Amino acid sequence: MKAIYPGSFDPITLGHLDIIERGCRVFEQVIVAVLRNPHKTPLFSVQERLGQIRQSTQHLPNVEVDSFEGLTVNYAQMRQAQVLLRGLRALSDFEVELQMSHTNNTLSREIETVFLATSNEYSFLSSSQVKEIARFGGCVDHLVPQHVAIELYRCHEKNHLK
Ligand code: ADP
């Protein structure tokens, strides 16, 4: 079975990577799909995020990295994927994710959403929290892949020079 793991990944965290690695054990192929959202102002461009995810998933042969625009179910159909993979952290995620999976189910009956519960150590972790820590010069080495941490430190330095 082929699964799409959609999200913003601005930037990819160790929590995302944990879901990708575990998803790879369940599904034959996992397509990590960055949503191109014109209404959001991300820290990293889509191209930068694709590069970060590719570098982070080099060790996983059944991962493909791509970007898409519009409805996730349309993209899934186009890629002939049967599953949308999502991660669940806390109860707060549950409500939003449940609503989204119901909506997606009304749009396409053939596509199922499968949730993986986050590993304990990443249950508090979000991309926005990582950005907030980096903005104030904090250490993010334990939260994101090494090369992403370096890019975040660079962003912090640039902002200081402005
Ligand atoms: P979105 O903008 O769609 O919320 P994110 O990049 O924040 O995109 O998240 C993509 C998916 O990864 C979502 O299903 C989210 O719940 C999940 N996720 C985010 N952070 C973690 C984490 N620390 N552990 C497990 N899953 C996570």
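Please compute, over every Cα-Cα pair in the stretch 1-108, the percentage with a separation greater than 25 angstrom.
15
Name the chymotrypsin sites (Phe, Trp or Tyr not before Pro) in the stretch 80-153 that are in a loop by DSSP and that have at most 12 other C-beta atoms within 10 Å, would you?
124, 136
Only bridges with both residues in the stretch 2-121 count here: give the DSSP antiparallel percent, nearest 5.
Expressed as a percentage, antiparallel bridges in the stretch 2-121 total about 0.
Return the whole-Å distance between the Cα centroid of the stretch 90-105 and the Cα centroid of the stretch 1-50.
The stretch 90-105 and the stretch 1-50 have Cα centres separated by 17 Å.
Taking the Cα atoms of the stretch 79-119 alone, what are Rg (to one decimal) and Dmax (as a whole number) in Å?
10.7, 31
For the chain, modelled as a GNM with alpha-carbon contacts under 10 angstrom, which of 84, 17, 107 fluctuates the most?
107
Looking at the chain, do any whole DSSP H helices span at least 20 angstrom along their long axis by alpha carbon and average -0.5 or above on Kyte-Doolittle, and which?
In the chain, the long hydrophobic H runs are 91-107.
Students often forget the sequence filter, so: which lysines lie under 24 Å Cα-Cα from residue 158 once same-chain residues fewer than 8 apart are removed?
Counting by Cα, and skipping residues close in sequence, residue 158 has these lysines nearby: 40, 131.
Add -39500 (n - 2.57) for each DSSP H run of 4 or more in the chain, then divide by its residues: what number comes out at 222 nm, to the nearest 500 deg cm²/dmol?
Value at 222 nm, helices only: -14000 deg cm²/dmol.
Please check the chain for the longest run free of GluC sites (Glu not before Pro) that are loop-located per DSSP (anything but H, G, I, E, B) and have at most 13 other Cβ atoms within 10 Å.
In short, 111-162.
Coordinate-derived values only; no laboratory data. As the structure is a prediction and not an experimental result, all values here were calculated from the model. All Cβ positions, glycine included, derive from the backbone under ideal geometry; neighbour counts span all protein chains shown.
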